[in-house]
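K.L.:
My structure is below; once you've seen it, I'll send some questions.
Any read-out appearing in this document is the output of simple, stated calculations on the displayed coordinates, not a laboratory observation. This one's a predicted model, so the numbers in the text were calculated from it and none came from an experiment. Heads up, the Cβs are rebuilt from the backbone with ideal geometry, glycines too, and the neighbour counts pull from every protein chain shown.
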Amino acid sequence: MGQLLACATPAGVLLASDSRTEFFEPSGEESFIAVERLIPVGTHAVLASAGAVEGHDLCRDFAAFAKDEGLTEIDALWDAAMPFFTGRYDEVMRKMCEKLPVDPLHNMYLVLAGYSVRQPERPARLFIIWNRLQPAKIEFNQVTNIFTLPRRLGLEFKLSQMLAQKAPLAEIVAAAKAAMDKLAGQDQFIGPPFHFLTITAAGVQKV
């Protein structure tokens with residue numbers, strides 16, 4: 001599963017992830033591989049994946065699609081994301097079923113995050129996209145300001161308090177880095193290298 005964190009503030013969005021991902025060989029044997037879960041989409045948006053490793057490939061495919069179509073604004077990206085992922089998910093499921101029976105817990109989660117330079121009064125956006133297997137389909141929703149996967153309620157509460165206190169984005173980044181280090185020491189499915197990106201009016205930046 002790994003760990004994914006997203007937090008939207010008036011100044012911008014923070015996305016954080018580890019890199020450890022479960023991978024199942026055609027024989028069914030489980031192993032771990034390192035995957036960079038955070039994929040920039042243009043200058044002011046990022047796609048993040050958690051769960052099934054196939055989600056990572058979908059993120060890269062969408063980033064290439066958005067570039068070809070000239071999509072940069074977060075709202076335009078979101079309008080294009082749902083039909084894209086719905087169509088591609090059917091293809092992914094067919095290929096997976098050719099290799100192994102799909103595990104009922106074989107879930108993928110995607111986060112599309114962005115900063116709208118056209119709407120400075122409400123610039124930060126967080127959307128989640130996930131799959132259901134019975135029946136197989138893609139679902140989606142918009143998140144207000146905080147999302148963690150797996151859910152970390154204590155961390156979400158701490159970030160909520162920081163947002164209420166109008167903490168600077170840099171302080172939220174520091175809190176996320178400390179949290180990722182702590183979680184890695186508690187959970188074998190979470191591991192470095194860790195990646196942290198912010199999306200502000202200046203664009204996507206590593207921090």
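K.L.:
Based on DSSP H runs of at least 4 residues, each adding -39500 (n - 2.57), what is the mean residue ellipticity at 222 nm of the chain after dividing by all its residues, to the nearest 500 deg cm²/dmol?
P.N.:
-12000 deg cm²/dmol
K.L.:
M108's amide H: which non-local residues (gap 5+, or another chain) put their own amide H closer than 5 Å, with H modeled 1.01 Å from N in plane and none for Pro or chain starts?
P.N.:
Answer set, sorted by chain and number: A52, N131.
K.L.:
Okay, next question. For the range 69-77, just list the computed ³J(HN,Hα) in residue order, Karplus coefficients 6.51, -1.76 and 1.60, θ = phi - 60°, integers in Hz, with x standing in for Gly and Pro.
P.N.:
Using θ = phi - 60°, the values come out as 8, x, 8, 10, 5, 4, 5, 5, 5 Hz.
K.L.:
Hey, any idea what Rg/Rh is for the chain, computing Rh the Kirkwood way over Cα pairs? Could the numbers behind the result be given before it?
P.N.:
Numbers: Rg = 16.7 Å, Rh = 17.4 Å.
Radius of gyration over Kirkwood radius for the chain works out to 0.96.
K.L.:
Would you mind pulling out the separation of the Cα centroids of the range 39-60 and the range 146-207, in Å?
P.N.:
Centre-to-centre (Cα) distance: 17 Å.
K.L.:
Quick one: net charge around L197, please, counting Lys, Arg +1 and Asp, Glu -1 for every other residue with C-beta under 15 Å from its C-beta.
P.N.:
Details: positive: R37, R125, K177, K206; negative: D18, E36.
Combined, the nearby Lys, Arg, Asp and Glu give +2.
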